[in-house]
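Undergrad: Take a look at the following structure, please.
Bear in mind these aren't lab numbers, they're just calculated from the coordinates by the rules spelled out. Keep in mind the model is a prediction, meaning the values are calculated, not measured. Please note: Cβ atoms are built from the backbone with ideal geometry, for glycine as well, and neighbour counts cover all protein chains shown.
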């Protein structure tokens, strides 16, 4: 004690005591009598900024629990009481770090003295957040460093914070383009270079190149497509026909949608603050999803016959089903919304709550069973929004690009074909089936269509492009992809339409299959 008292006395003799008895430092800013800082040295930089903490919590849920960022983020924003500005920062930080994970990990691997898989996963997630701030956000380097180290002290401990500080200082030594140039020195081909620069797995880059060609576009568009995948999508709203209104959204700064009727682009923060969204009469739904539902509902039935019994074969989580049900209600038709997974079927019920209950019913069945004798020829319009790889929604589901594998596509195509076969048996002759995927992969799109036509001799492909254009505000939603034997399919693109990469093919049946 005497030594520390003597030391404080010496400091006072040389210009005044700088710390009080609690160890707090004088406030050196401003004028007049100096006070003391309210933070003791041992407590400094240990409380994380709430927005950065929120982003970190999202990354940990994704990494440790296989959670989906878009499902975790809203709850963490509310739990941490973020205002609109901080919520926007947390969203960009979490989603940006997840999208850029491949590139940031390549940078970090140059700055860490051990393989990244030997780091504590919580430390690695913290480094990814720091790298995104330093390389891709308008955050001053000193703030990105200080705040990330502060976050590390709070969530992973003081020991790890030293490593994080040292690594991020190395990251900060170069700007993003300089890092990319350095990393590209070890890259031998265009696919690998695009995968690195735009932070996509190489197999996805190859698949998207093939997808562009398969749907009649130029492979030279690949960089634009990959870049569009990395852009934060604007929230799309749809007012359910005859039920919802966009007035409140427009009052809060929303802009009218340019593709889908009764739609809007919303950038006003937490969309759940809108009463119509809470009521379910206005929904968050990508414009591409809106258009394919409207195209199925809007196309004239080839035989002009009965149009009262509709089916959504794979309805979960209920977005397209709610729009289809509202459109069906306007025509005194009914919708059966089928979802084989019980918890997703409950999501469908919630999505349909806003629609008059006499209009719809939810079933929990294997969609392939709708092709049995009991259901053959029962429905007038059928939606097959088939389970798919989700390669068309990478911008909305930033973590999905790191979870998917090429094997997933191969496994899904069998199921997709079986579901489409069931739908073609369940629809009556003269009715319409929509086959839809949120993927442009040719194995999940044109190949499935061609195989289905070969197996189902009574099926005929319709002019899908014309049907989509008919429900699009601006028309000409996308170039038709003509198929052998007549008819066409349509493929939407993030870099062309600012939608998810939705694919659709519309079929009809020309006759009842033999033996029915």
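Undergrad: Using only alpha carbon positions, build the gyration tensor of segment 227-336, then give the equivalent ellipsoid semi-axes as the square roots of 5 times its eigenvalues, largest first, whole angstrom.
TA: That gives 27, 16, 12 Å for the three semi-axes.
Undergrad: I need 500, 372 ordered by Cβ neighbour count within 10 Å, fewest first.
TA: 372, 500
Undergrad: Moving on. Give the value in nm², to one decimal: projected area of the alpha carbon convex hull of segment 453-500, averaged over all directions.
TA: Details: hull surface 16.0 nm².
So the mean shadow area of the Cα hull is 4.0 nm².
Undergrad: Please compute the contact order of segment 199-274 in relative form: average sequence separation of alpha-carbon pairs under 8 Å and at least six residues apart, divided by the residue count, as a percent.
TA: 23
Undergrad: With an 8 Å cut-off on Cα pairs and a minimum separation of 6 or more residues, tell me the relative contact order of the chain in percent.
TA: After rounding, I find 12 percent.
Undergrad: Also, quick follow-up: Running Debye on segment 162-290 with equal point scatterers at the Cα sites and no solvent, what base-10 log of I(q)/I(0) appears at q = 0.17 Å⁻¹?
TA: Results for segment 162-290 at q = 0.17 Å⁻¹ read -0.90.
Undergrad: Another one. Separation between the residue 177 and residue 358 pseudo-spin-labels, each 7 Å from Cα along Cα→Cβ, expressed in nm?
TA: So the label points at residue 177 and residue 358 sit 6.5 nm apart.
Undergrad: Using r as the Cβ-Cβ distance of residue 65 and residue 405, and R0 as 35 Å, what FRET efficiency do you calculate, to the nearest 0.05?
TA: 0.95
Undergrad: Additional query: Take the alpha carbon atoms of segment 351-377, find their center, do the same for segment 70-114, and report the distance between the two centers in whole angstrom.
TA: 39
Undergrad: Assuming R0 = 25 Å, what is the FRET efficiency of residue 369 and residue 458, from their Cβ-Cβ distance, to the nearest 0.05?
TA: 0.80
Undergrad: For helix 121-136, what angle does its Cα long axis make with the longest principal axis of the chain, in degrees from 0 to 90 and rounded to 10?
TA: With both axes taken from Cα atoms, the answer is about 90 degrees.
Undergrad: Which whole-number value in Å³ per residue fits the convex hull of the alpha carbons of segment 50-176? Display every interim value, and only then the final one.
TA: Numbers: hull volume 12.2 nm³, N = 127.
Output value, Cα hull per residue: 96 Å³.
Undergrad: Express in nm, to one decimal, how much length is gained between residue 170 and residue 484 on full extension, taking 0.36 nm for each residue of separation and deducting their alpha carbon distance.
TA: 107.4 nm
Undergrad: So if R0 is 41 Å, what FRET efficiency would residue 301 and residue 231 give, r being the distance between their Cβ atoms, rounded to the nearest 0.05?
TA: Working from the Cβ atoms, E equals 0.60.
Undergrad: What's the angle, to the nearest 10 degrees (0 to 90), between helix 446-455's Cα axis and the longest principal axis of the chain?
TA: The answer is roughly 30 degrees.
Undergrad: Moving on. Take the Cα atoms of segment 187-229, find their three principal axes, and give me the spread along each one in whole Å, biggest first.
TA: Answer, in whole Å and largest first: 29, 19, 15 Å.
Undergrad: Something else now. Note down, for segment 92-237, the three equivalent ellipsoid semi-axes (square root of 5 times each alpha carbon gyration tensor eigenvalue), biggest first, whole angstrom.
TA: Listed largest to smallest, the semi-axes of segment 92-237 are 30, 17, 13 Å.
Undergrad: Using the Cα atoms of segment 386-428, I'd like the radius of gyration and the largest Cα-Cα distance, Dmax, both in angstrom.
TA: That works out to 13.1, 41 Å for Rg and Dmax.
Undergrad: Please list, by residue number, everything in segment 138-181 whose backbone N is under 18 Å from a paramagnetic label point 7 Å out along Cα→Cβ of residue 110.
TA: Those under the cut-off are 166-181.
Undergrad: Using only the Cα atoms of segment 109-178, what are the Rg and Dmax in Å?
TA: 11.2, 32
Undergrad: Let me ask you something else. Using alpha-carbon positions, what is the distance between the centroids of segment 131-210 and segment 271-307, in Å?
TA: Between the Cα centre of segment 131-210 and that of segment 271-307, the gap is 40 Å.
Undergrad: Listing 250, 89, 370 from the residue with the fewest other Cβ atoms within 10 Å to the one with the most, what is the order?
TA: Fewest-to-most ranking of 250, 89, 370: 250, 89, 370.
Undergrad: What angle do you read, to the nearest 10 degrees and between 0 and 90, between the alpha-carbon axis of helix 84-99 and the longest principal axis of the chain?
TA: With rounding to tens, the tilt is 80 degrees.
Undergrad: Treat the count of other C-beta atoms within 10 Å as a stand-in for reagent exposure and order 136, 192 from fewest to most.
TA: On the way: 136 18, 192 14.
Ascending Cβ contact count within 10 Å gives the list 192, 136.
Undergrad: For all pairs of alpha-carbon atoms in segment 383-516, what percent lies in each bin of width 5 Å, listed from the first bin to the last filled one?
TA: Going from the shortest bin to the longest, the percentages are 2, 11, 20, 22, 19, 14, 8, 3, 1, 0.
Undergrad: Please grab the % of Cα pairs in segment 235-284 that end up more than 14 Å from each other.
TA: Numbers: 452 of 1225 pairs.
For segment 235-284, the share of Cα pairs beyond 14 Å comes to 37 percent.
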